[in-house]
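The structure appears below as structure tokens.
The values are calculated or read from the model by the stated rules, or taken from the named source; none is laboratory data. Computed from a prediction, not measured in an experiment: that's the story for all the values here. A quick note on method: Cβ atoms are made from the backbone with ideal geometry, for glycine too, and the neighbour counts reach across all protein chains shown. Note: areas computed on protein heavy atoms with side chains; ligands, DNA, RNA excluded. Shrake-Rupley method; radii C 1.70, N 1.55, O 1.52, S 1.80 Å.
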Amino acid sequence: MEYRKTRFVCVSDTHNASPADGAFKLPKGDVLIHAGDLTKQGTYAELQKTLDWIEQADFEVKIVVAGNHDVTLDRDFYAEHGLYFHNQYPQDSQACIDLVKGYKSILFLNHEATEVRLTKQDGPQTSFKVFGSPYSPAHGLWAFGYSPEDASKTWNDVIPLDTDIVITHTPPKYHCDESKHGGAAGCQALREQLWRVRPYLAICGHIHEGRGAEIVYWDLETPNTRYKESITEYWTDPGLDSKKQSLIDLSSKSPAPLENRVSWVNEESTIVSVDVPTMDSGSGSLPNWKPKERPTFTLKSPKDGHVVSYHEGIRGHGGLPPSGRCDMEALAGRLGRKETCIINAAIMASSWPYKEKNRRKYNKPIAVDIDLPVRQEEQNRHEVTNRPEESISSSGNMRSSLLAVA
């Protein structure tokens with residue numbers, strides 16, 4: 001499979017600030033990501049101002065999630081608490097949601113995943129799966145919040161395992177999440193899901209003081225330990241107090257490329273079926289009752305077609321397949337996914353921008369280069385072009401779930 005460098009430019013927590021105001025300058029890139037808190041209090045006018053500059057930004061794809069300050073975009077929350085924010089000028093929550101969805105050049109994600117293909121002829125023509133969510137642990141009266149009791153329900157099995165880019169307003173626990181009070185304000189349930197998914201990038205914001213980046217090396221081999229990490233490397237911002245870009249180069253041409261490829265030991269294997277047994281109660285009497293068996297995963301090697309079945313194991317446990325206790329679903333065929341770069345891209349440096357008007361400081365956007373797979377039809381075209389005796393053909397079909405930007 002061919003890979004090409006793709007540049008993501010990441011911002012979050014702009015709170016009405018924009019490049020037009022001189023608050024920050026957007027570097028060039030292929031994909032622009034905004035990880036929430038577009039506004040101060042989510043009014044229609046605030047949203048429109050922010051979405052206008054995002055729409056006009058020169059990127060092939062623009063991806064946006066909401067944040068806790070974008071209160072009108074959380075319909076249920078605003079129906080109950082909207083007058084607390086806008087008692088003199090109540091906003092139409094549905095009109096605000098329709099506004100966000102009406103920008104055709106902006107991909108708005110609300111706790112959901114999709115696939116993106118870059119198609120510009122002068123671009124990298126790569127593809128990736130992205131998941132985006134506005135949710136964060138509840139703290140005060142703000143939108144898209146969830147209680148500690150609902151954290152696991154919010155995140156478990158929501159992010160597809162083949163996701164390449166994760167965008168969440170909240171940081172994961174212990175990574176880019178240290179608040180001004182010195183505590184870790186991120187979400188543990190999200191961190192656990194990142195261990196299972198292990199995307200290339202996990203982009204967030206929310207905690208302004210946590211702005212920065214860390215590369216987490218996941219421990220996948222230690223058995224009997226759940227969601228273990230091995231090493232965390234901390235990024236030094238080359239753009240801090242200088243005219244340089246805030247750039248993270250994780251491409252294959254960098255001294256330390258991101259180690260994230262799909263492979264199972266020395267060969268790639270894929271899960272071809274999952275058998276989930278039902279509860280067997282026998283005749284209904286307690287002595288004959290049998291507990292539910294663990295699901296069985298059937299794996300197939302694409303090299304020789306070899307098929308082997310394994311039990312699911314224990315969620316979050318490390319170990320090499322076919323260990324009986326390891327998280328088979330998260331590990332089989334995916335041991336090459338070893339590292340994730342976690343980025344807190346908060347632009348607003350002060351904690352309370354709507355109260356500290358004269359003390360605002362702004363961070364630079366964070367640009368990151370990673371290698372992504374070339375979309376299949378482009379790769380096939382390249383292969384055929386190098387064989388002039390063959391003709392180029394294409395079905396022209398594209399899955400409806402993919403975002404194609406010309």
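Some points to look at:
- Members of the range 60-106 found to be outside any helix (DSSP H, G or I) and under 16 Å from S12 (Cβ atoms), listed by number: K62, I63, V64, V65, A66, G67, N68, H69, D70, I106
- Flag for I167 being part of a loop (DSSP other than H, G, I, E, B) and of a type in the set (A, V, I, L, M): no
- Residues being touching a Pro at 6+ places or on another chain (Cβ under 7 Å) and either of a type in the set (V, I, T) or part of a loop (DSSP other than H, G, I, E, B) (or both) - total across the range 200-252: 6
- Only one of the numbered conditions (1) outside any loop (DSSP other than H, G, I, E, B); (2) open to solvent by 70 Å² or more (accessible area, probe 1.4 Å) is not met by L47, and that is (2).
- Any hit, the range 217-228, residues being within 27 Å of K62 (Cα to Cα), touching a Ser or Thr at 6+ places or on another chain (Cβ under 6 Å) and of a type in the set (D, E): no
- Put simply, of I203, I207 the only residue that is open to solvent by 10 Å² or more (accessible area, probe 1.4 Å) and either in contact with a Phe, Trp or Tyr (Cβ under 6 Å, 6 or more places away or on another chain) or in contact (Cβ under 8 Å) with a residue 40 or more places away in the chain (or both) is I207.
- With respect to the stated conditions, D58 is free of Cβ contacts under 8 Å to residues at least 40 places away in the same chain and touching a Lys or Arg at 6+ places or on another chain (Cβ under 9 Å).
- In this structure, V65 does not qualify as in contact with an Asp or Glu (Cβ under 8 Å, 6 or more places away or on another chain) and open to solvent by less than 20 Å² (accessible area, probe 1.4 Å).
- The lone exception for G29 - which of (1) under 22 Å from K364 (Cβ atoms); (2) open to solvent by 50 Å² or more (accessible area, probe 1.4 Å); (3) in contact (Cβ under 8 Å) with a residue 40 or more places away in the chain; (4) not in a helix (DSSP H, G or I) it fails: (2)
- Every residue from the range 107-160 that is in a helix (DSSP H, G or I), buried (at least 18 other Cβ atoms within 10 Å of the Cβ) and not polar (S, T, N, Q): A151, W155
- Matching residues, the range 330-371, being of a type in the set (D, E) and modelled with pLDDT of 85 or more: E339, D369, D371
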